[in-house]
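Some notes on the structure that comes next.
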Amino acid sequence: MSAVLVINSGSSSLKYQLLEMEGETVLANGLIERIGEQAGSVKHSVSAEGDEETFRNEEPVADHSAAFRVMIDAFEQHGPSLAENPPVVVGHRVVHGGKRFFEPTVVTDLVKINIEDLSDLAPLHNPANLDGITAAQKAFPDVPHVAVFDTAFHSTLAPSAYTYAIDAELAEKNRVRRYGFHGTSHKFVSEAAAAFLQRPLGELKTIVLHLGNGASACAVDGGRSKDTSMGLTPLEGLVMGTRSGDLDPAVLIHLHRKAGLGFDELDTLLNRRSGLVGLSGRGDMRDVVEAAESGDDAAALALEVYLHRLKHYVGSYIAVLGGVDAIVFTAGVGENSVAVRGRALAGLERLGIRIDPERNASPERGPRVISTDDSAVAVLVIPTNEELEIARQSLSVI
Ligand code: ADP
């Protein structure tokens with residue numbers, strides 16, 4: 001039996017999952033939060049035969065090394081035994097791989113230096129990912145560690161899709177270009193869509209709509225990313241929970257000159273105080289839809305703006321791909337929001353896109369079709385599984 005441990009390390013959190021790869025089943029998963037604060041929170045869930053038992057605990061967790069000790073303790077106390085299910089590889093999510101990393105990569109000292117060097121492009125994420133890798137190497141010194149990059153799937157973007165039309169020399173010097181994110185999810189979901197439709201991946205033109213707290217769209221042509229809505233950072237593109245997505249860059253200049261906002265304030269504005277939160281005071285799509293349905297004008301407008309932007313990208317990606325075979329919804333909003341799915345693709349019948357309202361409203365989980373039988377384009381809901389994709393890719397390189 002081969003087990004893989006998947007690590008997603010944030011600045012103050014550590015998410016982990018232990019998978020058994022023969023049946024691709026989850027043995028346990030956990031989340032350690034508020035690392036470095038006075039009170040930490042620890043959640044460890046053990047899966048067995050379809051059931052999941054969860055253990056919670058509050059204890060201070062000083063840093064990432066301490067978080068790994070807490071994780072190993074949780075395995076010892078609640079199972080499954082790491083001695084009986086020793087991970088053959090530890091797979092790490094790393095957000096920014098820049099131009100350098102376009103494949104899952106076995107971590108060496110040089111790889112770590114390169115991840116560090118990319119920190120200016122992802123200051124919140126890459127240093128935290130690195131802390132996780134270093135602590136994991138100490139905790140599991142005898143197995144290979146593999147980095148799987150969020151940007152990697154988009155390394156197939158053509159220069160026309162990734163180049164910003166600004167001073168070329170300045171952009172090159174400062175590594176300013178579009179990179180794209182959520183690649184692990186877009187890859188997993190577009191491959192799962194082809195398998196679900198029983199069509200060869202190489203022939204399929206797919207638009208993946210990954211709608212979570214962060215959200216991005218991806219035009220996938222024959223299994224390769226051809227365009228995606230996030231850019232230099234995960235700020236560009238769709239309207240998100242707290243992020244603005246696309247806007248005229250002159251808005252920043254205007255707000256700086258007119259309202260006196262400095263760089264840090266603009267950063268906070270666009271990343272934390274915009275999107276659904278900025279427009280309606282609510283960042284969770286469930287709350288926005290509920291408020292909009294009960295007559296809250298700000299929530300209704302937030303939803304309209306969100307849907308308009310989504311439709312804008314769907315139309316644009318049909319043009320980029322030269323047609324589309326499947327449109328796939330995934331992540332928190334995409335997998336759960338009947339209202340968002342139905343309304344985002346309403347009125348596109350002339351493009352061959354027809355949603356079946358009953359299929360769309362079905363409480364069924366798992367991969368499913370929500371378009372009508374006579375819809376030329378298959379519209380699907382496919383739950384994403386980034387941990388499984390990281391585990392598969394990590395295993396594939398050792
Ligand atoms: P993350 O980007 O943090 O991984 P997820 O993919 O888990 O996020 O998505 C979380 C978001 O999904 C929540 O903020 C919420 O807006 C949305 N969501 C979850 N369940 C529902 C639901 N039933 N209806 C609408 N939106 C939902």
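For the chain, hydrophobic long helices are taken as DSSP H runs at least 30 Å long by C-alpha position along their axis with mean Kyte-Doolittle hydropathy of 0.0 or more; these are 297-321.
A cut-off of 5 Å between modelled amide H atoms, ignoring neighbours fewer than 5 places along the same chain, links L27 with L18, L19, E20. Values of log10 I(q)/I(0) for segment 251-398 across q = 0.15, 0.20, 0.21 Å⁻¹ run -0.94, -1.21, -1.25, by the Debye formula with one identical scatterer at each alpha carbon and no solvent. Distances between placed amide hydrogens fall under 5 Å for F181 paired with M230, all partners being 5 or more residues away or on another chain. Amide H contacts under 5 Å for K205: G222, D325, A326, restricted to partners 5 or more places along the chain or on a different chain, H placed in the peptide plane at 1.01 Å from N.
Could you identify which residue out of I382, I72, I353 has the top mean-square fluctuation in a GNM of the chain using Cα springs shorter than 10 Å? Sorting by GNM fluctuation, first place goes to I72. According to the square roots a ≥ b ≥ c of the eigenvalues of the Cα gyration tensor, what is the shape class of segment 65-128, taking rounded for a/c under 1.5, prolate for a/b larger than b/c otherwise, and oblate for the remainder? Judged from the Cα gyration tensor, segment 65-128 comes out prolate (a/c at least 1.5, a/b above b/c).
Normalising the average separation of contacting C-alpha pairs (under 8 angstrom, six or more residues apart) by the number of residues puts the relative contact order of segment 1-66 at 23 percent. The equivalent ellipsoid that matches the C-alpha gyration tensor of segment 63-196 spans semi-axes of 32, 19, 11 angstrom, in descending order.
In terms of other Cβ atoms within 10 Å, T228, T372 run from fewest to most in the order T372, T228. Its Cα gyration tensor gives the chain an equivalent ellipsoid, and the semi-axes of that ellipsoid, as √(5λ) in whole Å with the largest first, are 33, 26, 23.
Summing +1 for each Lys or Arg and -1 for each Asp or Glu among the other residues whose beta-carbon sits under 9 angstrom from that of S375 gives -3. Cα extents for segment 172-327 along the principal axes, largest to smallest and rounded to whole angstrom: 53, 50, 24. The alpha-carbon of K173 sits under 28 angstrom from the alpha-carbons of these lysines, leaving out residues fewer than 8 places away in its chain: K99, K112, K226.
The value of relative contact order for the chain, using C-alpha pairs under 8 Å at least six residues apart, is 14 percent. Per residue, the convex hull spanned by the alpha carbons of segment 1-114 comes to 116 Å³. In the chain, the DSSP-assigned H stretches of four residues or longer account for a calculated mean residue ellipticity at 222 nm of -11500 deg cm²/dmol, using -39500 (n - 2.57) per stretch and the full residue count as denominator.
Below 8 Å between Cα atoms, with a sequence gap of 6+, how large is the relative contact order for segment 310-398 in percent? The value is 29 percent.
Just so you know, all these numbers are worked out from the coordinates, no wet-lab data involved. Computed from a predicted model, the values in this text were never measured in an experiment. All Cβ positions, glycine included, derive from the backbone under ideal geometry; neighbour counts span all protein chains shown.
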